1. Starting from the Cα of residue 339, move 7 Å in the Cα-to-Cβ direction to define the label point; list residues of segment 266-301 whose amide nitrogen is under 19 Å from there.
2. For residue 84, give me every one of the lysines with a C-alpha distance below 26 angstrom, ignoring sequence neighbours fewer than eight places off in its own chain.
3. Candidates (i) 139; (ii) 150; (iii) 204; which is the computed volume of the Cα convex hull per residue in Å³?
4. Under a cut-off of 25 Å between alpha-carbon atoms, report the lysines in cross-link reach of residue 243, not counting same-chain residues fewer than 8 places apart.
5. Between 354, 121, 132, whose Cα lies farthest towards the positive end of the dipole of the chain when Lys and Arg beta carbons carry +1 and Asp and Glu beta carbons carry -1, centred on the Cα centre?
6. Using the Cα centre of segment 75-135 as the reference point, and only Cβ charges (+1 on K/R, -1 on D/E), how large is the resulting charge dipole? Debye, rounded to the nearest 20.
7. If you take every residue apart from residue 317 with its C-beta less than 15 Å away from the C-beta of residue 317, what net charge results, scoring Lys and Arg +1 and Asp and Glu -1?
8. When the helix-only estimate is applied to the chain (DSSP H runs of n ≥ 4, each -39,500 (n - 2.57), divided by the residue count), what is the mean residue ellipticity at 222 nm, nearest 500 deg cm²/dmol?
Amino acid sequence: MGAASSRLEKALGEQFPEGERYFGLENFGNTCYCNSVLQALYFCVPFREQLLEYYANNKSASDGEENMLTCLADLFSQISNQKKKTGVIAPKRFIQRLKKQNELFRSYMHQDAHEFLNFLLNELVDILEKECKANKEPSQNSSSNKTSNGPSNGQPNGSHKEPDTTWVHKCFQGILTNQTKCLRCETVTDRDETFLDLSLDIEQNSSITSCLKNFSSTETLNAEDKFFCDKCCSLQEAQKRMKIKKQPNILVIHLKRFKYIEQLGRYKKLTYRVVFPLELKLMNTVDNSDLEYSLFAVLVHVGSGPNHGHYISVVKSHNHWLFFDDETVEMTDESMVQTFFGSVQEFSGNTDNGYILFYESVAKTS
């Protein structure tokens, strides 16, 4: 990596962003699924800033138990505090903790990057919620110098009204609303559910916009799928659709490229061409507000099947596109993103396909 990292520094020259670090991650035997997700999260700036702030506030508590959050915070801190601008880091402690925590990731077999991302974000949320709950327990002898909640006898019920929102939620969480309309009385029932990413079914020669439209398309519930309407007090034909009620700050889209084929009795990879734009407008919202998003990371699955292959990531940082493949970090340009759309021909040689997309919300300029 020595020569490669110096090439990267030369390529960026005086444009090398001040204070930024571009480090490859060592592979510990099929851990590319983990490395590619970690790179995408590192260049998710709001997430990185919150994690480093957490590290700064908690590093003195060295007696605390090691967990996925402390190991991730430690890794991000190591990268951001490197004296060199480029190089390679071994995320050994993080990988060891991951394998200890979840037996799914213990083997040296090919793992699913989306499963890992899901596990990691939910694990971080669980840890933060437990810590928040522990801090609210009756040990109020210490003066709360960080988040002052006022006198403890002020509003005893206030802190229990709704669950705590962690900074992971603030980055990634959105709310979907499931709208079901009874076709007899026309009553609309809304049911909300939160999400940290959207998993979209894909079709050949399509786009993210059309996949999102299909995600929110109206489905008729009839025959054996009738809906129990509370107003009619009986099963009725109904129409249902899913819309986005609250857009997340960071929109993570998972393309369902691995599909179970009944006839084959196994999963098959769909290398379909699915175009994902650099700028995306979310149209399928409850209030019809078309929030704009900008693509900053693409996690790519390389290979023809679900049980073998490789993961890489392409990341945008300070208006530069970078290619991360385990220990390798190289400059690239945005035209490379288009090479990961997929193929129109089923048996083409191109198996480098966009699998998880990371978009950040863009403040509108009036």
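1. Zone members listed by number: 271-278, 296-301.
2. Counting by Cα, and skipping residues close in sequence, residue 84 has these lysines nearby: 10, 59, 92, 316.
3. Among (i) 139; (ii) 150; (iii) 204, the one derived from this structure is (iii).
4. Leaving aside lysines fewer than 8 places away in the same chain, those within reach of residue 243 are 170, 181, 213, 226, 231, 256, 259, 281, 364.
5. Value computed over the given set: 132.
6. 560
7. So the surrounding residues net to -4.
8. Helix contribution divided over all residues of the chain: -8000 deg cm²/dmol.
The values are calculated or read from the model by the stated rules, or taken from the named source; none is laboratory data. Owing to the predicted nature of the structure, the values given are computational and were not obtained by experimental measurement. Every residue, glycine among them, receives a Cβ derived from its backbone with ideal geometry; neighbour counts consider all protein chains shown. Side chains included, ligands, DNA and RNA excluded: accessible areas come from the protein's heavy atoms. Shrake-Rupley method; radii C 1.70, N 1.55, O 1.52, S 1.80 Å.
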